[in-house]
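What follows is a single structure, written as C-alpha cells, with notes after it.
Coordinate-derived values only; no laboratory data. Only a predicted model underlies this, so the values are computations on that prediction, with no experimental measurement involved. Cβ: placed from backbone, ideal geometry, glycine included. Neighbour counts: every protein chain shown.
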Number of protein chains: 2
Amino acid sequence: MQSKRLGRQTVRLTRPPSVVSFAAIGSRQEAKGPLAAYFDELSPDSFFGAKTWEQGESAMQSMALQRAMQKGGLKPADLDYMLAGDLLNQCIGTSFGLRDFRIPFWGLYGACSTMGESIAIASLLIDGGFARLAGAMTSSHYCTAERQYRMPVPYGSQRAPTAQWTATAAGCCILGAQGDGPYVTHITCGRIVDMGITDAANMGAAMAPAACDTLSAHFRETGRKPADYDLILTGDLGALGREILLDLLGRDGIDLRGNHNDCGLMLYDLQKQDMHAGGSGCGCCAAVLNGYVLRQMRQKKLQRVLFAPTGALLSPTSTFQGESIPSICHAISFSVEKEGAN
Amino acid sequence: MQSKRLGRQTVRLTRPPSVVSFAAIGSRQEAKGPLAAYFDELSPDSFFGAKTWEQGESAMQSMALQRAMQKGGLKPADLDYMLAGDLLNQCIGTSFGLRDFRIPFWGLYGACSTMGESIAIASLLIDGGFARLAGAMTSSHYCTAERQYRMPVPYGSQRAPTAQWTATAAGCCILGAQGDGPYVTHITCGRIVDMGITDAANMGAAMAPAACDTLSAHFRETGRKPADYDLILTGDLGALGREILLDLLGRDGIDLRGNHNDCGLMLYDLQKQDMHAGGSGCGCCAAVLNGYVLRQMRQKKLQRVLFAPTGALLSPTSTFQGESIPSICHAISFSVEKEGAN
C-alpha cells in the first residue's frame with residue numbers, strides 16, 4: 001500500500017486506468033472559438049431542445065454521456081459507475097441528466113474542479129479493482145450560471161473586466177481497466193485554500209493559490225519537474241489568475257512559463273469574442289480536455305499532460321455574508337505510456 | 001478483481017475498513033429527542049457561536065470532525081482524505097467547515113444520502129490501498145434548509161402533514177485500514193430512481209422507490225436476507241415513506257418489518273415534538289449512525305447493520321419548473337466481525 005502513496009496528496013496508480021472514450025458538447029460561443037473543430041457536437045440551440053436552460057444543461061450532459069458511450073461502443077450497462085456533478089444548486093444538471101441511464105452513481109461537488117475530481121475518483125475505483133469501466137462527467141451553462149450566481153441574462157448586467165465567461169459545455173470521459181491510453185498515472189488531491197479574496201467577480205485571483213498549492217505538492221511528491229510535461233493545463237484561472245499562479249509558483253522555484261496553458265484562455269478567442277478574463281465553468285476545462293487534449297494525446301502530439309482544474313467553493317449566500325472564497329485544485333497526470341511500474 | 005464485485009451495484013471489501021472514531025453534534029430539538037444521550041455535543045445555540053445559520057452549520061461540521069479526531073487521538077495530518085458534503089447550495093457547510101484543516105478533500109453531493117456516500121467512497125479508497133485513514137462527514141441545519149428550500153423560519157409557514165423536519169446535526173465517521181471495528185464489509189451503490197412524484201413536501205414518497213431499488217439489489221447480489229441483519233436502517237423516509245418502502249419490498253418478496261427502522265423516526269419523538277412525518281436532512285441519519293448505532297455496535301448490542309440513507313436530488317428550481325424528484329440510496333453493510341474472507 002505504501003508504494004501507492006507518494007506523499008500527503010499524491011498517489012501513483014499501479015495499474016493505470018486508460019481513457020476508453022470521451023466526448024465534448026458545446027453551444028454557440030464554443031462554436032466561434034478556436035477549439036470548435038474538436039467538439040463532438042455544437043448545438044446552435046442553447047436550450048438543447050428543452051424548455052428551460054436548466055433542463056437544457058441536463059440534456060447536454062445526457063448528450064455527452066451518450067456520445068462518449070457511442071464512440072466507445074458501450075451501453076449504460078457496461079459502466080460500473082458514473083461520477084459527476086455540476087455548478088447548479090443541488091447539482092440538478094447531473095441528477096436529471098443521468099436519471100434515465102440507470103448507472104450506479106456517486107454524486108460529486110467540486111465546482112469547476114469537478115472534471116478532475118470525477119476522473120480522479122473513477123481512476124482510483126478502477127485501480128482499486130472495484131470497477132472495470134467508469135464514467136466521469138460535468139457541465140456548465142452560461143445562462144443557468146448567470147441566473148444562479150449573478151443576474152438572469154436578459155437583465156443585461158455589465159461585466160467586470162476580471163469576470164470570466166461560463167462555458168455552455170459538457171465533457172464526459174470514460175475510463176477503463178483495459179485500453180490503449182492515454183493512461184491516468186498520478187493523482188494529486190487538493191486541499192481547500194483560502195487566501196482571503198472576497199471579490200466573486202475575480203475568481204482567477206481566488207483560485208490561483210489553490211492551483212499553486214496542488215501543483216507544488218505534485219512536483220514535490222512525484223519528483224517531477226514542469227519540463228517532464230508537454231502541457232500543464234489549469235482550468236479556469238483566466239488571464240489574471242494565470243499570471244498570479246505563475247508568480248506564486250515562481251516564488252517556490254517552479255517555472256511553469258514554458259509549458260503552461262489555462263483552459264479558460266484556450267476555449268475562446270478572448271478579444272474577438274469579448275470574453276474579458278477568459279472562459280470558466282465546469283464545462284470549460286471538461287470540453288478542452290475531452291475535445292482538444294485527449295485527441296492530441298491519442299494522436300501522440302502530446303505525450304504527457306498534467307490536468308489541474310480548480311474550483312471556487314463559494315455560493316452567492318457566502319458572498320452576501322461577507323465570506324472569502326475557498327478554492328480547491330485537483331491534478332491528474334495523463335500519459336500515452338503506461339507508467340505504472342515506474 | 002472479479003471477486004470484489006458481487007453484481008451490478010454491490011462490492012465486497014476484501015480488507016474491510018474499520019470505523020476508527022465517530023462523533024455526532026446536535027442542537028436544541030435533538031436534545032429533546034430520544035437519542036439525546038448518544039450525541040457528543042448538543043448546542044443550545046443554533047448559531048453555534050457564528051453570526052449566521054450558514055456559518056453555524058460550518059461550525060457544526062468543524063466540531064464534528066474535531067470531536068471525532070479527538071476521540072480517536074488523531075490530528076488533521078493523520079487523515080489522508082476527507083469526503084464530505086451537505087445540502088446547502090454549493091455545499092458551503094462543508095467547504096467553510098473544512099477550510100482550516102488542510103486535509104486533502106473530495107467534495108460530494110448526495111443530498112441526504114451523503115453520509116452513506118462518504119463512508120462508501122472512504123471505504124473504497126482505504127480498501128484500494130490509497131488511504132490509511134479517511135473521514136466521512138455531513139451536516140444539515142433546520143434554519144439554513146428552511147431558508148433555502150422553503151421559507152425563512154421567521155416567516156412562520158405552515159407545514160404539510162407529510163413534511164419532515166430537517167435535523168440540525170452533523171456526523172463524522174473516521175475509517176481506517178486498521179482498527180477493532182465495526183467494519184464496512186459491503187457497499188451497494190445506488191442508481192437514480194424517479195417514479196414521478198412531484199410534491200417536494202412529500203420526500204418520503206419520492207425516496208422510497210430508490211431505497212427499494214438499492215435494498216433489493218443488496219439482498220439479491222449478496223445472497224443475504226433481511227434476517228441476516230440486526231437492523232436495517234433507512235434515512236430519512238419518515239413515517240409515510242417507510243410504509244411505502246415496506247409495501248414495495250413486500251411485492252419483491254422481501255419482508256423488512258421485523259428489523260427495519262428509519263433514522264427519521266428515531267431522532268425525535270414525533271408526537272411530543274410535533275415533527276409531522278419525521279426527521280430528515282443529511283444530519284439526521286449522520287447523527288443516528290454516528291451517535292446511537294455505532295455505539296451500539298461497539299458494545300456488541302448490534303452485530304450487523306445495513307445503513308441505507310436516501311437522498312432526494314431535487315432543487316427548488318427543478319420543482320418550480322415542474323420536474324419530478326429523482327432520488328438515490330446507497331447501502332453500507334457494517335459488521336462487528338471482519339467478514340472480508342467470506
ask   = Counting pairs of alpha carbon atoms under 8 Å apart in space and at least six apart in sequence, what relative contact order in percent does segment A:102-144 give?
value = 32 percent
ask   = What is the antiparallel percent of DSSP beta bridges lying wholly in chain A, to the nearest 5?
value = 60 percent
ask   = Cross-link list A:K301/A:K338; A:K272/A:K301; B:K4/B:K338; B:K32/B:K272; A:K300/A:K338; A:K32/A:K301: which exceed 18 angstrom alpha carbon to alpha carbon?
value = A:K272/A:K301; A:K32/A:K301
task = In whole angstrom, note down how far apart the Cα centers of segment B:175-231 and segment B:301-340 are.
result = 6 Å
remark   = Between B:D252 and A:Q273, Cβ-based FRET efficiency (R0 56 Å, step 0.05) works out to 0.55
message = Given a 10 angstrom Cα cut-off, can you work out which residue in A:H276, A:H186, A:H218 is the most mobile in a GNM of chain A?
response = A:H276
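Taking every DSSP beta bridge that has both residues in segment A:2-176, what percent is antiparallel when rounded to the nearest 5? Show your work: numbers first, answer last.
On the way: 17 of 28 bridges.
Percent antiparallel among DSSP bridges in segment A:2-176 is about 60.
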Inter-copy spacing of A:R150 label points, which lie 7 Å from Cα along Cα→Cβ, given in nm from shortest upward = 3.5
message = Please compute the modelled spin-label separation between A:Y155 and B:K300, points set 7 Å along Cα→Cβ, answer in nm with one decimal.
response = 6.2 nm
key: Percent RCO, i.e. relative contact order, over chain A, from Cα pairs under 8 Å lying at least 6 residues apart   = 25 percent
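How much of the DSSP beta bridge set in the protein assembly as shown is antiparallel, as a percent to the nearest 5?
60 percent
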key: Isolated Cys residues of chain A, judged by Cβ distance under 4.7 Å to other cysteines   = A:C91, A:C112, A:C143, A:C172, A:C173, A:C189, A:C212, A:C282, A:C284, A:C329
Relative contact order (percent, whole number), segment A:183-335, Cα cutoff 8 Å, 6+ residue spacing = 37 percent
request  = Could you work out the local net charge near B:T138, counting Lys and Arg as +1, Asp and Glu as -1, over the other residues with Cβ closer than 9 Å to its Cβ?
outcome  = -2
query = Which of the helices in chain A, when you take each full DSSP H run, stretch at least 18 Å along the axis at their Cα atoms and have an average Kyte-Doolittle score of 0.0 or higher?
reply = A:114-127, A:203-222, A:238-251
request  = Count the net charge of all other residues whose Cβ sits under 13 Å from the Cβ of A:K301, scoring Lys and Arg as +1 and Asp and Glu as -1.
outcome  = +3
remark   = GNM of chain B, Cα pairs under 10 angstrom: of B:S123, B:S43, B:S62, the biggest fluctuation goes to B:S43
remark   = Inter-copy distances for A:K301, nm, shortest first, label points 7 Å along Cα→Cβ, are 6.6
query = So how much slack lies between B:D100 and B:K51, counting 0.36 nm per residue of separation and subtracting their Cα-Cα distance, in nm?
reply = 15.8 nm
ask   = Distances from B:G7 to the same residue in each other copy, label points 7 Å out along Cα→Cβ, in nm, shortest first?
value = 4.4
ask   = How much length, in nm to one decimal, is gained on full extension between A:T14 and A:Q321, taken as 0.36 nm per residue of separation minus their Cα-Cα distance?
value = 106.0 nm
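Cut-off is 10 Å between beta-carbons; in what order do A:C112, B:C212, A:C173 appear when sorted fewest neighbours first?
If I rank by nearby Cβ atoms, fewest first, I get B:C212, A:C173, A:C112.
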Local electrostatic count at B:A50 - Lys and Arg +1, Asp and Glu -1, tallied over other residues with Cβ under 12 Å = -3
message = Which residue in chain B puts its Cβ closest to the axis that rotates chain B onto chain A, and at what distance in whole Å?
response = B:G128, 1
ask   = Gain in length, B:K75 to B:D228, computed as 0.36 nm per residue apart minus the alpha-carbon separation, to one decimal in nm?
value = 51.4 nm
Residue of A:G110, A:G156, A:G26 that the Gaussian network model of chain A assigns the largest fluctuation, springs spanning Cα pairs under 10 Å = A:G156
